[in-house]
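**Q** Got a structure for you, written out below as structure tokens; questions coming shortly.
Each reported figure results from applying straightforward, stated rules to the coordinates on display, with no laboratory input. All figures in this text were calculated on a predicted structure; none of them were measured in a lab.
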Amino acid sequence: MVTAANSPLPKLTFETLKLIYLRKIQIDAQGNHWIPINLPITHPLRHDFSVALFSMLPEDQEDYWNGQYFHGITPPPVMPSEEAVLRFISSTPGAIGYVQHDHVDGRVKIILNLPMGGR
């Protein structure tokens with residue numbers, strides 16, 4: 001998990017990350033909005049992320065998000081590629097997302113390592 005290199009966002013625990021991606025926590029302790037970002041549902045890294053964090057496939061979360069929709073809560077935005085994730089996160093306060101470890105560069109900092117199928 002990464003956020004902007006200059007972000008004051010703290011390191012995250014696994015449980016906090018899960019709550020952020022379920023949109024159950026939307027604001028951090030300092031009052032900043034969390035903006036979790038996903039890759040497309042067909043992206044292999046999205047598959048690995050969903051299994052690592054939720055123990056389910058991305059497509060199996062549809063019922064959850066359909067239920068949340070009626071409470072005015074939408075799923076995290078989707079970026080088309082890891083490069084798009086990096087660009088968005090590096091320029092958007094509060095944004096967090098996931099990319100392969102070898103794609104992490106000076107634009108972002110790691111706030112949590114998730115074991116995701118060796119990717």
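**Q** Using amide H atoms built 1.01 Å from N in the peptide plane, name the residues 5+ places from VAL78, or on other chains, whose amide H lies under 5 Å from its own.
**A** Here ASN38 satisfy the definition.
**Q** Taking 0.36 nm per residue of sequence separation and subtracting the Cα-Cα distance, how much length would be gained by fully extending the chain between ARG107 and VAL78, in nm to one decimal?
**A** 8.5 nm
**Q** Still on this structure: For the range 2-110, what does the relative contact order come out to in percent, with C-alpha contacts under 8 Å and a separation of six or more?
**A** Relative contact order here is 44 percent.
**Q** Taking just the alpha-carbon atoms of the range 11-119, what radius of gyration and Dmax come out, in angstrom?
**A** In Å, with Rg to one decimal and Dmax whole: 13.3, 39.
**Q** Could you derive backbone 3J(HN,Hα) for the range 100-105 from the dihedral phi with the Karplus parameters 6.51, -1.76 and 1.60 (θ = phi - 60°), listing whole Hz in sequence and x where the residue is Gly or Pro?
**A** Ordered by residue, 3J(HN,Hα) equals 4, 4, 6, 9, 5, 9 Hz.
**Q** Okay, helix-only estimate at 222 nm for the chain: each DSSP H run of n ≥ 4 adds -39500 (n - 2.57), divide by all residues, round to 500 deg cm²/dmol; what do you get?
**A** -9000 deg cm²/dmol
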